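Just below is one structure, and these are the notes that go with it.
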Amino acid sequence: MRTMGPSELRLLGRLVIDPSLQQAVLAKDLQVTRSAVNQIWKNLEHENGLRIRGNLDYGKIGLRMIFGWAITNEESDVLEKFHRWLKSSKLVSLALKSQISSTFDSLVYFEALSPMDSQYSWFQSQIDRFRKKPYSLTIYATECLKVSHHLNLGLFDGTNWTFPESFRLEASIGAARGYVDILPVVGTIEQSAPSKPVINDLIVAAAIESDYHAPATRLTSLCTELGLKADSGRTLRRRISQARRKLARPYVEINGIGLNQRVLVTIRDDPSTESVFARLLHAQAGTFPKARVISGLGLTLLDLEVPDNIKWLPLSHVMSGLAGNASEICTFIADQHEKEARLESVVSYLASRKPSG
């Protein structure tokens, strides 16, 4: 990890507040030249992988996000077989194995994207197959209702992170519990009921998920890669502008800033409703350095990136105390180097199967 300078922190801090800002507006806000902003931006792209991603409402493009986890307390290769199957599926965007967990069980966490058609039914049937003999895995899965992304650079001085002690963390998040219904939920996308997928909409969504500011030329390239004829530049610019307004919310993605541990907290509640604790996490996950929260009926995931010096077991105890006795929580360390597949790979697979409108 390299030390980040004051000018880089200042630019990043402004971007985290409003990730939709273009370089010209940033230069005006920061009272520097556009060339200075461009130089800092390019350096952050090169050194830290700076990207402005799009947090999507997948339902509006005809997809449903499924997430969940498999768990076993036995020494067997069944979980490894499940993990290999997940990695081979074109619908799965993420499959993470636990390295060590708070319950001493072994887990695999997964996320998938699918249209609500025969592929969705097939995917669910495969999950059920692993629940039955001879595998007999315990698998919890549900449809995602909300996704949020959080980055708190106020805890970072360019070299080190200040992380709240356990009692302070529990106090600050716990104090908000009584106000969860009125707390602002920043950076959260609620998932719509899926409509019929249309390939043009999927292509636009894939572009802005990877790069919120993607130009129309990127859509042309994607169409070419998928063997499709691209519309005119004017039409593509209109589509991408509409998608930014109606489909996505931007967030900052940055690496190489000393967040070298990936800690996942899985939370299981009453499956008939979205839990109060899930709403609390969506509202308060900005307490952590870098976090993503995914929630659905009965299940919630808190996906954290934290510094090496953070002890994950005390963190697990804090989360258990906050969630209460009605929730079942497991915290585990995951492989930091396991990469998430972008929507583009799922769209490529769907486009190869048949036209979608």
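The values are calculated or read from the model by the stated rules, or taken from the named source; none is laboratory data. What you see is a predicted model, and the numbers here were worked out from it, not measured in a lab. Methodologically, a virtual Cβ is constructed for each residue, glycine included, from the backbone with ideal geometry; neighbour enumeration extends over all protein chains shown.
Key figures
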read-out	value
Sole residue being at pLDDT 95 or above, part of a helix (DSSP H, G or I), crowded, with 19+ Cβ neighbours inside 10 Å and among the small types (Gly, Ala, Ser), chosen from GLY68, GLY54, GLY13, GLY59	GLY59
Restricting the range 102-113 to residues that are over 21 Å from the mean Cα position of the chain (by Cα) and of a type outside the set (Val, Ile, Thr), the residue that is surrounded by the most Cβ atoms within 10 Å (Cβ to Cβ)	SER106
Qualifying positions in the range 312-340 - at pLDDT below 90 and assigned to a loop (DSSP other than H, G, I, E, B)	GLY324, ASN325, ALA326, ASP335, GLN336, HIS337, GLU338, LYS339, GLU340
Options GLU80, GLU111: the member that is assigned to a strand (DSSP E or B) and among the acidic types (Asp, Glu)	GLU111
The range 146-175, residues that are of a type in the set (A, V, I, L, M, F, W, C) and surrounded by fewer than 16 Cβ atoms within 10 Å (Cβ to Cβ)	PHE167, ALA171, ALA175
Any pair with Cβ under 7 angstrom, 6 or more apart, that starts in the range 305-334 at a residue that is more than 21 Å from LEU151 (Cα to Cα) and ends at one that is basic (Lys, Arg)	SER327/ARG268; GLU328/ARG268
Of all residues in the range 114-146 being of a type outside the set (Ser, Thr, Tyr), in a strand (DSSP E or B) and under 21 Å from ASP57 (Cα atoms), the one that is farthest from the chain's Cα centre (by Cα)	PRO115
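Yes/no matrix, rows are residues, columns are (1) touching a Lys or Arg at 6+ places or on another chain (Cβ under 9 Å); (2) of a type in the set (Gly, Ala, Ser):
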| site | (1), (2) |
| --- | --- |
| ILE267 | no, no |
| LEU302 | yes, no |
| VAL306 | yes, no |
| LEU313 | no, no |
| SER320 | no, yes |
